[in-house]
1. State yes or no: is A271 aliphatic (A, V, I, L, M) and either surrounded by fewer than 16 Cβ atoms within 10 Å (Cβ to Cβ) or at pLDDT below 95 (or both)?
2. Which ones in the stretch 336-358 are without any contact (Cβ under 8 Å) to a residue 60 or more places away in the chain and either closer than 17 Å to M297 by Cα or touching a Pro at 6+ places or on another chain (Cβ under 7 Å) (or both)?
3. Just name the residue that is nearest to C50 (Cα to Cα) out of those in the stretch 82-124 that are in contact (Cβ under 8 Å) with a residue 60 or more places away in the chain and of a type in the set (A, V, I, L, M).
4. Can you tell me which residues in the stretch 118-144 are among the aliphatic types (A, V, I, L, M) and open to solvent by 30 Å² or more (accessible area, probe 1.4 Å)?
5. State whether the residues of the stretch 241-248 include one that is modelled with pLDDT of 95 or more, of a type in the set (S, T, N, Q) and over 18 Å from T377 (Cα atoms).
6. Of the residues in the stretch 323-352, how many are open to solvent by 50 Å² or more (accessible area, probe 1.4 Å) and either in contact with an Asp or Glu (Cβ under 7 Å, 6 or more places away or on another chain) or of a type in the set (S, T, Y) (or both)?
7. Under 9 Å between Cβ atoms, at least 6 apart or on separate chains: pull out the pairs that start in the stretch 196-218 with a residue that is of a type in the set (G, A, S) and end on any residue that is part of a helix (DSSP H, G or I) and crowded, with 18+ Cβ neighbours inside 10 Å.
8. Could you identify the single residue in R235, R246 that is under 30 Å from G356 (Cβ atoms) and touching a Ser or Thr at 6+ places or on another chain (Cβ under 6 Å)?
Amino acid sequence: MKFRVGLCCALAFSSLLFAHSAAAAPPAASAEKPMDQLAIYAAKGPPDSCGPGCDHWIAIEGKIDEGSAARVERFFRERKDTQRPIYFNSPGGAMRDGLAIGRLLRARKAVGRVGRTIVDACPGTQTDDACSLIKTNREEVVASITSRGAVCGSACTFLLFGALTREVAPDAVVAVHGARIGMQFRVNVTEVRREEAIAKAHAEADRLTFAYVEEMGISRDVMTLADSVSPDNMRVLTRQELYNFRIDTRNVVETPWAIEKAPSPAVQKIAQVKTESGFQKFEWRFMCGGKAQTRLMVTNELAKDASGTRVMTMVAGAAKPPQFARLPVRVGPYEIWTAIITADAMKDLVAVPRLGASQNALLPDGKSTSTFFEIETRGLEPASTQLAAAGQTAQAKIVPPKLPSSAPLLPSSPPSVKWTASPNWPTPSPLTAQG
């Protein structure tokens with residue numbers, strides 16, 4: 001593929017990452033109603049689509065129904081290439097099947113991630129009957145992966161916990177809530193006996209789930225938190241909680257570079273970086289800059305008590321680093337840094353597998369802090385090629401930046417979301433425990 005970058009013809013500022021609110025309402029993150037039955041199927045995509053050197057994966061998606069554990073076991077028994085990474089996208093479902101599937105995944109030392117598989121051949125939505133037949137009746141489907149809008153909620157978390165290696169992208173959602181217990185009683189059962197039976201069922205659910213998370217090396221605190229949330233709500237886990245609960249213990253988590261076409265073309269990456277004060281959020285956007293140039297915008301969210309003066313730098317091997325503006329634009333808790341990248345400098349950026357990024361802060365008391373981390377360039381070259389093509393066909397117009405006006409994609413405080421807030425995500429079944 002010929003690399004074309006720096007040929008954008010229009011000056012364009014696309015909206016900031018933090019103007020999106022997908023994770024602020026995770027049950028409605030995807031506009032499609034999840035499938036009523038759990039589906040498991042094999043998929044393949046472009047080179048590096050599921051990581052460096054990875055282009056084949058397994059998708060597990062839809063509601064965890066009774067009997068789904070048997071289908072997952074049969075899938076693994078009939079396939080030889082079961083060491084592919086597994087991507088989950090599920091609102092939850094039956095607790096016992098979720099625990100059983102999690103143990104199947106641990107026995108296979110699976111790599112588990114939260115992501116949506118988009119199948120090329122599906123004529124309508126990704127969850128309608130026609131698409132479900134395509135996914136489950138073919139040996140392998142051609143597809144792509146996106147973590148944006150992907151949700152692993154309730155009993156789906158047991159599948160994620162079962163994976164030996166667990167990875168949750170910055171724009172994916174993991175959410176928990178307390179168990180929902182459904183029981184049928186005879187008409188003449190007293191209220192006292194009814195309450196005793198329900199309490200006993202809750203105690204049994206707690207016994208099973210607390211023992212399971214300990215077995216999988218996950219902190220019991222995640223189940224304590226889940227029990228504090230009503231079954232009708234969902235509590236989104238923050239990045240710090242994902243780390244503290246030993247669900248995803250990486251110090252740097254990131255998305256691949258990807259093209260975003262609306263409201264203006266841009267190449268985007270999101271990352272969360274562990275610092276001394278907690279995880280910090282960053283977004284990079286390359287946009288058309290005009291005159292064979294590309295504009296780079298780096299946005300990061302600061303802590304509420306952040307003070308001092310910061311300097312942002314980015315390094316691509318031995319090449320000359322991009323020169324950011326001397327001072328950032330401050331919008332509420334967000335700092336926005338900009339730089340102009342020439343076509344030659346852009347080629348230097350994509351020529352290395354990883355880019356170095358650092359932020360140095362001079363505090364009011366004279367002390368300084370420094371944060372250095374690396375990010376992948378995976379996906380940057382093809383996405384930049386698409387950006388250049390979009391810039392060539394775009395009309396020359398300026399789109400002003402859309403500053404954050406709603407809840408950020410990556411909220412500072414963990415939201416507790418009403419599960420029934422969107423008709424696209426069904427209320428858990430009365431017979432579902434922790435789902």
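The values are calculated or read from the model by the stated rules, or taken from the named source; none is laboratory data. Worth saying up front: this structure is predicted, and the values here are computed from it rather than measured. Virtual Cβ from ideal backbone geometry, glycine too; neighbours counted across all protein chains shown. Ligands, DNA and RNA are stripped out before the accessible areas are found, and what is left, the full protein with its side chains, is counted by its heavy atoms. Shrake-Rupley method; radii C 1.70, N 1.55, O 1.52, S 1.80 Å.
1. The answer is no for A271.
2. The answer is W337, T338, A339, I340, A345, L349, L355, G356, S358.
3. Filtering the stretch 82-124 for residues that are in contact (Cβ under 8 Å) with a residue 60 or more places away in the chain and of a type in the set (A, V, I, L, M), the one nearest to C50 (Cα to Cα) comes out as I86.
4. I118, A121, A130, L133, V142 - these are the residues of the stretch 118-144 that are among the aliphatic types (A, V, I, L, M) and open to solvent by 30 Å² or more (accessible area, probe 1.4 Å).
5. yes
6. Number of matching residues: 2.
7. From residues that are of a type in the set (G, A, S), the pairs are A205/M95; G217/F161.
8. R246
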